[in-house]
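In what follows, a single structure is set out as structure tokens and then discussed.
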Amino acid sequence: MRIILFSGKGGVGKTSIAAATGVRLAQLGHRTLVMSVDPAHSLGDAFDLEGGLFHGDTSDPKPLAPNLFIQEVNIQREIKRHWNEISGYITSVLRTTGLGDVEAEEMAIFPGMEELSAMMYVNQYRRENRFDVIILDCAPTAESLRFVSLPTTLDWYIKHVFNLQRNVMKAVRPFVNKLGPIEAPPDSYFANIAGLFAKIQGIDTVLEDPAITSVRLVTNAEKMVLRETQRAFVYFSLHGLTVDGVIVNRLLPAEIHDAFFQQWRESQSRVLAEIEAYFAPVPVSQVPLFNREVLGYDGLLTVANGLYPGDTDPSAIRFLEKPYSFARSGDHYEVRLHMPFVQKGEIGLFKKRDELVVEIGTLRRHVGLPTTMAAMIPSKARMEDNVLVVEMRSAQ
Ligand SMILES: Nc1ncnc2c1ncn2[C@@H]1O[C@H](COP(=O)(O)OP(=O)(O)OP(=O)(O)O)[C@@H](O)[C@H]1O
Ligand SMILES: [Mg+2]
């Protein structure tokens, strides 16, 4: 199975490109699901479906064309299905602060729930071998980064906090229930968390396997958009995901001769050249600005025909190299992270338990070290052709 994630700055055309890719994959005979991971769903709109995507009480995949299914995760329904105990507990805590029922329920939907639910579906479909390709239409960059960092964050939480919390609760519950207006979480709350964790187990390995998961960044040929695209590239690499394509959308077509657009076209071609140079060897593809919105199956097919000419298969694997690797080098070990666009000064490194913590700007990644390196500490770091090389040596 393949998973292709479309990400990029707000409004650049992620949903349109993701949907068009789904249309082409289905035509090629792949059982394809296009799934929206963006809480502000617009997948149904891209396919121009009357009344959106929901049919009855379900957010199950909806068949659209031979081999083509689309799905938008309905958070209210997911809460009933997967989050009952957790949101029930949080709601009851919030109610004690004087909030009304509806407000408390609203507030019990916390950031990351949609993404986590989507991830459970991906894992379930993978186990069931239900689709050949799952296309993920992500929210703008910041949220899609939350999506990919969730499994490691949760893993960390379960390892370091969850069991501790559960044991502490067992010990203090008799007192807390007598004392406070706030109830201690019941056992079912912890059971719910453990159950959720089981449902996403293994997804991190799937997301980090370049033979399964690829990230395609959608961008426009504008300087500000390019900067965000570069940051996204770094962050995805930091999380171990492989970016294997950049799609530049809304390029002004050559047949426009209007003086007003002349300058726009010149600046677009400058930025396009920059994009190609920056991201090489990652292939950069182009999509022109159309004379109207790209809506409905036929509109999306037009995009697909330009983006994937002839028998180009969007699910073909282009890169198998992982963004980070571990190796032995002489008397020490090395962690190598593919990090283009990063200045050495922006990088923070430290060791915590058996993990190497890498910070770039405001983002942090815990890289689990193999047992051979777990007792070592980072002694030196250098940039080597877009690769951050961290030397690991024994502590003494
Ligand atoms: N190449 C194009 N030519 C003309 N219109 C386009 C093109 N690409 C996208 N659009 C239109 O631009 C609008 C925004 O596109 P889309 O919803 O795909 O962006 P998005 O990146 O998913 O946005 P969001 O960040 O809000 O999810 C839509 O109306 C879409 O039809
Ligand atoms: Mg979108």
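Throughout, read-outs are computed from the coordinates displayed, never taken from laboratory work. Because the structure is a prediction, the values reported are computed rather than measured. All Cβ positions, glycine included, derive from the backbone under ideal geometry; neighbour counts span all protein chains shown.
Summary of values
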| item | result |
| --- | --- |
| Long-range amide H partners of Ser285 with built H, under 5 Å | Val246, Ile247, Val248 |
| Cleavage-rule hits (GluC sites (Glu not before Pro)) in region 313-377: DSSP loop, at most 12 neighbouring Cβ within 10 angstrom | Glu321 |
| Size of the chain as Cα extents on the principal axes (Å, biggest first) | 77, 63, 41 |
| More than 21 angstrom apart: percent of Cα pairs within region 324-394 | 17 |
| Karplus-derived HN-Hα couplings along region 337-347 (A = 6.51, B = -1.76, C = 1.60, θ = phi - 60°), whole Hz, x at Gly and Pro | 10, 6, 9, x, 6, 10, 8, 4, x, 7, 9 |
| Region 266-396: Rg to Rh, with Rh as the Kirkwood radius over Cα pairs | 1.14 |
| Nonlocal amide H pairs with Val73, under 5 Å, H built at 1.01 Å | Ser36 |
| Cα→Cβ-extended label distance, 7 Å offset, between Ser269 and Asp187, nm | 7.2 |
| Rounded to 5, percent antiparallel among DSSP beta bridges of the chain | 55 |
| Rounded to whole Hz, the Karplus (6.51, -1.76, 1.60) HN-Hα couplings of region 357-364, x for glycine and proline | 9, 10, 10, 10, x, 8, 9, 10 |
| In order through region 3-10: 3J(HN,Hα) via Karplus (6.51 cos²θ - 1.76 cosθ + 1.60), integer Hz, x for Gly, Pro | 10, 10, 9, 9, 9, x, 5, x |
| Amide H within-cut-off set for Leu49, under 5 Å, with H built and near neighbours excluded | none |
| Most to least packed among 273-284, 113-124, 10-21, 243-254 [average Cβ atoms within 10 Å] | 10-21, 113-124, 243-254, 273-284 |
| Computed magnitude of the charge dipole of the chain (debye, nearest 20; Cβ of K, R +1, Cβ of D, E -1) | 1300 |
| Among Gln71, Gln263, Gln343: highest mean-square fluctuation, GNM of the chain, C-alpha pairs under 10 Å | Gln263 |
